[in-house]
Amino acid sequence: MTIDWQAEAAKRQDDYLADLTTMLRVPSFRDDSKATADAPLGPGPKEALTTFLAIAERDGFKTKNIDNLVGYAEYGEGDETLAVLAHVDEMPAGNGWDTDPFEPTIKDGKLYARGASDDKGPGMAAYYGLKMVKDLGLKLNKKVRFIVGTDEESNWTGMKRYFEVEPAPTLGFSPDAEFPLINGEKGNVSLRVHFNNSDTGADQLISFDSGLRENMVPREAVAIVAAADNEKLAADFKAYLADQPVTGEATTVAEGVRLEVIGKAAHGMEPKNGINAGTYLATFLNNYDFAGDAAGFIDFIATKLHDDSRVHQLGLAFTDDVMGDLTMNVGLLHFDHQNGGDLTLNFRYPKGIEPADLTNKVTPQLPAGATVEQGSFMVPHYVDPEDPIVKDLMDVYRRQTGDTDSQPEIVGGGTYGRMMKRGVAFGALFPHTEDTMHQANEFQPVDDLMAAMAIYGESIAVLATDK
């Protein structure tokens with residue numbers, strides 16, 4: 001039976017876009033402040049999960065909801081299980097959008113919405129790939145589970161629960177990265193640096209705030225400063241901005257001067273793709289007469305962290321021949337007189353270095369009184385390029401796109417693919433498409449999503465019938 005997968009995808013475009021629009025209209029970022037026993041990650045992730053499962057039930061799939069944390073749609077029978085692992089949560093929208101991030105908008109062939117690229121657009125394309133397999137009545141010799149998590153952007157709570165209570169899949173892929181294929185992912189760990197709250201200089205750092213998530217380059221930063229000369233501070237700030245790749249403004253407030261910097265958000269796996277508003281603001285403030293912990297907070301950011309994703313200033317630069325560079329994203333920055341300061345440094349590390357190495361090398365470089373705490377971590381993940389899952393998926397990609405030059409890649413991002421020994425990340429960002437994940441005005445071209453749907457349909461058919 002010869003199947004024109006691209007033609008089959010085209011038949012389903014209207015239905016796909018309607019279901020995707022339904023999903024994209026659900027703001028599904030984790031919100032612990034609204035968590036309940038029934039919605040343990042907040043109402044948004046739960047609603048996105050139940051909305052997806054309702055779509056799968058409508059289409060005739062067997063479904064299961066596990067504690068409103070994770071769920072799946074199942075098709076086929078077999079002793080082995082092929083898993084497709086997607087997520088229905090997303091990053092907070094943040095500011096800087098030209099359209100409503102939760103009202104999907106198509107302009108010039110591009111679908112704009114939070115989650116259009118990460119990961120509702122690709123996830124629903126993969127779901128429709130499975131739906132095509134089911135609609136066509138293809139005989140499979142593996143069970144297929146399309147598993148959706150609700151906390152990929154934070155702690156992977158849902159997918160961890162799945163692997164605690166359900167049998168591990170035999171093999172699988174996550175449609176949460178880029179084509180042609182990701183067969184290796186760096187390790188992931190965050191260090192939280194805490195500063196005390198003393199601030200005894202001629203200039204006072206009333207507050208400093210930047211960042212939404214540790215795995216996101218901060219687009220915005222705001223500080224309130226009571227300076228010895230507030231007018232000079234504002235004038236200096238204006239001059240500083242004129243020579244930097246950021247914008248901003250100084251405003252007089254009751255406490256002194258409010259300084260705002262606007263940079264560019266990006267995924268924390270590659271900080272070079274963004275412009276960190278927080279570290280630029282700290283670099284400006286490092287010219288002023290702060291003292292105590294406030295001075296240590298500002299100086300550490302400006303001299304050890306600013307514009308240094310490869311961590312040369314901390315003496316942590318490291319490169320593995322296969323997995324590439326160690327990278328660092330300064331994702332969360334905060335200081336105030338009541339709580340002191342906190343910085344969250346998110347590292348993506350290759351094989352050959354351990355989280356303890358990072359902690360041990362950072363600790364002696366901290367200002368007096370500052371401390372560092374290592375968070376939980378994920379070790380590097382690697383699937384041999386000769387593994388049949390890599391070869392089969394690359395064959396499908398090349399057959400459908402004609403791209404015979406692109407090769408499997410290793411990245412700093414973390415996907416659910418690493419939950420499986422024989423798990424990879426597979427699309428849906430094509431090599432020619434701009435990566436807007438975690439940014440304002442996130443988009444994915446509709447044609448790319450339809451091409452991905454066709455690739456996913458054939459891929460599922462190949463992997464679930466391969467002996």
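General observations
- For segment 254-269, the set of residues classified as under 16 Å from Gln204 (Cα atoms) and surrounded by 18 or more Cβ atoms within 10 Å (Cβ to Cβ) consists of Gly256, Val257, Arg258, Leu259, listed by residue number.
- The set of residues in segment 234-258 that are polar (S, T, N, Q) and closer than 16 Å to Ala282 by Cβ contains only Gln244.
- Among (1) free of Cβ contacts under 8 Å to residues at least 12 places away in the same chain; (2) surrounded by 21 or more Cβ atoms within 10 Å (Cβ to Cβ) - the single one Val311 does not satisfy: (1)
- If you go through segment 445-467 and keep only what is touching a Phe, Trp or Tyr at 6+ places or on another chain (Cβ under 9 Å) and of a type outside the set (A, V, I, L, M, F, W, C), you end up with Pro445, Asp448, Tyr456, Gly457, Glu458, Ser459.
- All told, Tyr288 meets the bar of being modelled with pLDDT of 95 or more, crowded, with 18+ Cβ neighbours inside 10 Å, of a type in the set (Ser, Thr, Tyr) and more than 23 Å from Met216 (Cα to Cα).
- Among the residues of segment 437-467, those identified as under 30 Å from Asp98 (Cβ atoms) and not hydrophobic (A, V, I, L, M, F, W, C) are His438, Gln439, Asn441, Glu442, Gln444, Pro445, Asp447, Asp448, Tyr456.
- Of all residues making up segment 366-380, the number that are under 30 Å from Ala295 (Cβ atoms) and assigned to a loop (DSSP other than H, G, I, E, B): 5
- Contact annotation: residue pairs with Cβ atoms under 8 Å, 6 or more positions apart or on different chains, pairing a residue in segment 95-109 that is at positive phi with a partner that is in a loop (DSSP other than H, G, I, E, B), are Gly96/Arg219; Gly96/Ala265; Gly96/Ala440; Gly96/Asn441.
- So Phe297, is it surrounded by fewer than 23 Cβ atoms within 10 Å (Cβ to Cβ) and either basic (Lys, Arg) or in contact with a Pro (Cβ under 9 Å, 6 or more places away or on another chain) (or both): no
- Segments classed as strands (runs of 3 or more DSSP E), wholly inside segment 381-463, with at least 1 members that are closer than 25 Å to Gly324 by Cβ: 409-411, 423-425
- Here segment 96-119 is the region considered, the condition is being among the hydrophobic types (A, V, I, L, M, F, W, C) and either modelled with pLDDT under 95 or touching a strand residue (DSSP E or B) at 6+ places or on another chain (Cβ under 6 Å) (or both), and the residue that is surrounded by the most Cβ atoms within 10 Å (Cβ to Cβ) is Ala116.
- Filter result for Asn215 (polar (S, T, N, Q), farther than 20 Å from Ala254 by Cβ, buried (at least 21 other Cβ atoms within 10 Å of the Cβ) and in contact with a strand residue (DSSP E or B) (Cβ under 6 Å, 6 or more places away or on another chain)): yes
- Single residue of segment 227-267 satisfying the filter (of a type in the set (Gly, Ala, Ser) and either part of a loop (DSSP other than H, G, I, E, B) or in the same structural domain as Phe443 (by TED's automatic domain parsing) (or both)) that is modelled with the lowest pLDDT: Ala228
- In segment 371-403, the residues that are small (Gly, Ala, Ser) and farther than 30 Å from Thr157 by Cα: Gly402
- Segment 152-161, residues that are touching a Leu at 6+ places or on another chain (Cβ under 8 Å) and crowded, with 24+ Cβ neighbours inside 10 Å: Gly158
- Conditions (1) more than 27 Å from Ala461 (Cα to Cα); (2) within 23 Å of the chain's Cα centre (by Cα); (3) surrounded by fewer than 22 Cβ atoms within 10 Å (Cβ to Cβ): number failed by Thr21: (1)
The values are calculated or read from the model by the stated rules, or taken from the named source; none is laboratory data. This one's a predicted model, so the numbers in the text were calculated from it and none came from an experiment. All Cβ positions, even for glycine, are placed from backbone atoms using ideal geometry, and neighbour counts span all protein chains on display.
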